[in-house]
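Have a look at the structure below, then the notes.
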Amino acid sequence: SRLGILIVRHLKRLERVILGYLEVSDGPEEEARLAILETLQCTIEHAWPRMPCRLPVLLKALLRLLWDVHTERGPTPEPVRAALLHRATQCLILLDHCSQGQLKV
């Protein structure tokens with residue numbers, strides 16, 4: 001959040017890091033995934049003009065995360081699963097807003 005709009009200088013590299021963390025579960029507490037979803041949300045809020053071109057990649061990763069969390073019946077506690085689903089949904093809502101409703105289509 002300190003970088004603000006200047007985060008766009010690092011979007012390509014940051015996108016790769018975000019996608020990598022979203023793909024892999026990191027244990028029952030899912031601390032890394034929760035933190036990376038918070039990072040993604042902050043990035044979308046600050047770099048919203050650049051997000052529509054990244055929409056397909058981020059959408060696919062977020063939907064895959066939602067599906068994995070929803071279908072996985074591992075040792076992850078229910079409050080952690082709910083937090084993951086909530087943060088991923090918040091990111092999808094922000095992506096929809098910054099792409100002027102293209103996400104819903």
Legend entry - Pair Val17, Asp96: separation of 7 Å Cα→Cβ label points (nm): 2.9
Inset, instruction - Report the full-extension gain for the segment Glu29 to Asp68: residue separation times 0.36 nm, less the Cα-Cα distance, to one decimal in nm. - result: 12.5 nm
Legend entry - Accessible surface, per residue, of the chain when the full set of protein chains is kept, probe 1.4 Å, Å²: 63
Inset, instruction - Only Lys, Arg, Asp and Glu count, each charged at its Cβ (+1, +1, -1, -1), so figure out the dipole size of the chain about its Cα centre, rounded to 20 debye. - result: 560
Inset, instruction - Using only Cα atoms, find the angle between the long axis of helix 31-46 and the longest principal axis of the chain, and express it within 0 to 90 degrees, rounded to the nearest 10. - result: 20
Legend entry - Surface share of carbon and sulfur [accessible, 1.4 angstrom probe, percent] for the range 2-99: 60
Legend entry - Where the Cα pairs of the chain fall when distances are cut into 10 Å bins, in %: 15, 50, 28, 7
Legend entry - the chain: trypsin sites (Lys or Arg not before Pro) in DSSP loop, at most 13 other beta carbons within 10 Å: Arg2, Arg73, Lys104
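The values are calculated or read from the model by the stated rules, or taken from the named source; none is laboratory data. The shown structure was predicted, so the numbers you read here are calculated from the model rather than taken from an experiment. Ideal geometry is used to build each Cβ from the backbone, glycine not excepted, and the neighbour counts take in all protein chains shown. In case anyone asks, the SASA skips ligands and DNA or RNA and just uses the protein heavy atoms, side chains included. Shrake-Rupley method; radii C 1.70, N 1.55, O 1.52, S 1.80 Å.
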